[in-house]
Structures are given as structure tokens and as C-alpha cells.
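Working notes, structure below.
The values are calculated or read from the model by the stated rules, or taken from the named source; none is laboratory data. Here the structure is a predicted model, which is why all the values come from computation and not from measurement. Cβ coordinates were reconstructed from backbone atoms using ideal geometry, including for glycine residues, and neighbour counts include every protein chain displayed.
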């Protein structure tokens, strides 16, 4: 099975926002899924799974313009709407700070959006620190994305966004044929998938790009 036949794009996680020693940590917690840090610097509030200073972020917002998408990869993922401009149902795996879901909620207020996030603390952080405001059309599932797609009904989603990371990389279960097969199974015949990955510099690029 050729993943490229039905995937829209593979994009890079953002590294381009340098954290300085002037960063102000406003929240830190840890659980079985690792540490989470929320901090502010240069008019931005960011979430990272690594202790600041770091240039690896899971999510960032502009404090003076929270609706602005900070990362290029988020803007690129929204390009899937050119393939499917009026999706009936969307699946997002990986919440982060909720920037992508917030944008989709504003653009598509009547579309049903299912969000899968394995870490309940990340969901709480998105609501408490990143202005994530799910509407009545949005359902949040606190569970493993691999298990979610295993049990989801066939041909359920017109758009699927996969934006899930540990502190190191994409979860290993997402780099399996089982996961890819199930994602394809729950995608409608004219649906589109968008995936955020690390790109060629990562040692797992060949595996990820050939699935």
C-alpha cells in the first residue's frame, strides 16, 4: 500500500522560535506522558515537552493576536481545505495548544471535529493557557490515537490531521502499517490526510516516507 496515493502533505515541526534566557515559565507539570512547560517570551506563549530554554515547541500563540497561526506547518496543514473545502467530519490526532482546532472551528463552524489527545494534562493546558474553546460540534477523546483509529467506523472522516509527538518524535505505533491501514480505512473515498513530521534530517524519515 502506497501512503502517498492518499496523503496530502508531510510537513516539518517548527524549530524557528528561539527561546532566550528572558523566558518566563508560567506553568510546569509532569505525568506518565512526560513533562509539560508553558512559558512566555517575545510576546509569545509556548508549550514544550522540553524544559526551556529550547527551540522545540508543541504550540505557540501570539499574546497580542491569539488567532494568528505562528507555525508555518499549521498554515500548510490548513491547505488540505483546498482538496476538501466543505468537510462534513474532521479528525485531529494530537491537540497541543489547540491552535489548529481553533482555526478550523472558526473557518468551519458547522463541521463536526473529533480531537484525540492521549494526555489529559495537554487538554487542560490548551484550555487554560492557549484559549482553546471547543464548541458543541467538537468532541475531545482522551485516548491513544492508535487505538482510536483501530475502532473507528470505516469511511468516517473527510479530513484527517495527524499532529502527534512525544518529546522525541512521532509515536512509534504511528509508524506502522497497522496504523496507516486503519487511517486509510476510516477516510472517506474523496478524503485527505495531512501529517506533521520531522523530514529528511531525522533518522526515521525513510520509514515514515515509505509507509
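Selection of the stretch 53-72 for residues being under 18 Å from residue 169 (Cα atoms), touching a strand residue (DSSP E or B) at 6+ places or on another chain (Cβ under 8 Å) and in a loop (DSSP other than H, G, I, E, B) yields 54, 56, 57, 58, 71. Among the residues of the stretch 97-110, is there at least one that is closer than 18 Å to residue 186 by Cα and buried (at least 20 other Cβ atoms within 10 Å of the Cβ)? No; the residues of the stretch 97-110 include none that is closer than 18 Å to residue 186 by Cα and buried (at least 20 other Cβ atoms within 10 Å of the Cβ).
Candidates are the residues of the stretch 158-195 that are within 20 Å of residue 122 (Cα to Cα) and part of a helix (DSSP H, G or I); the one that is nearest to the chain's Cα centre (by Cα) is 174. None of 192, 135, 166 is surrounded by fewer than 19 Cβ atoms within 10 Å (Cβ to Cβ) and within 21 Å of residue 84 (Cβ to Cβ) except 135. Somewhere in the stretch 83-90, is a residue surrounded by 21 or more Cβ atoms within 10 Å (Cβ to Cβ), modelled with pLDDT under 95 and closer than 20 Å to residue 145 by Cβ? Looking for residues that are surrounded by 21 or more Cβ atoms within 10 Å (Cβ to Cβ), modelled with pLDDT under 95 and closer than 20 Å to residue 145 by Cβ, one finds none in the stretch 83-90, hence no. The numbered conditions (1) in contact with a helix residue (DSSP H, G or I) (Cβ under 9 Å, 6 or more places away or on another chain); (2) surrounded by fewer than 18 Cβ atoms within 10 Å (Cβ to Cβ); (3) modelled with pLDDT of 95 or more are all true for residue 120 except (1). Check whether at least one residue in the stretch 115-127 is without any contact (Cβ under 8 Å) to a residue 24 or more places away in the chain and in a loop (DSSP other than H, G, I, E, B), and report yes or no. No: the stretch 115-127 contains no residue that is without any contact (Cβ under 8 Å) to a residue 24 or more places away in the chain and in a loop (DSSP other than H, G, I, E, B).
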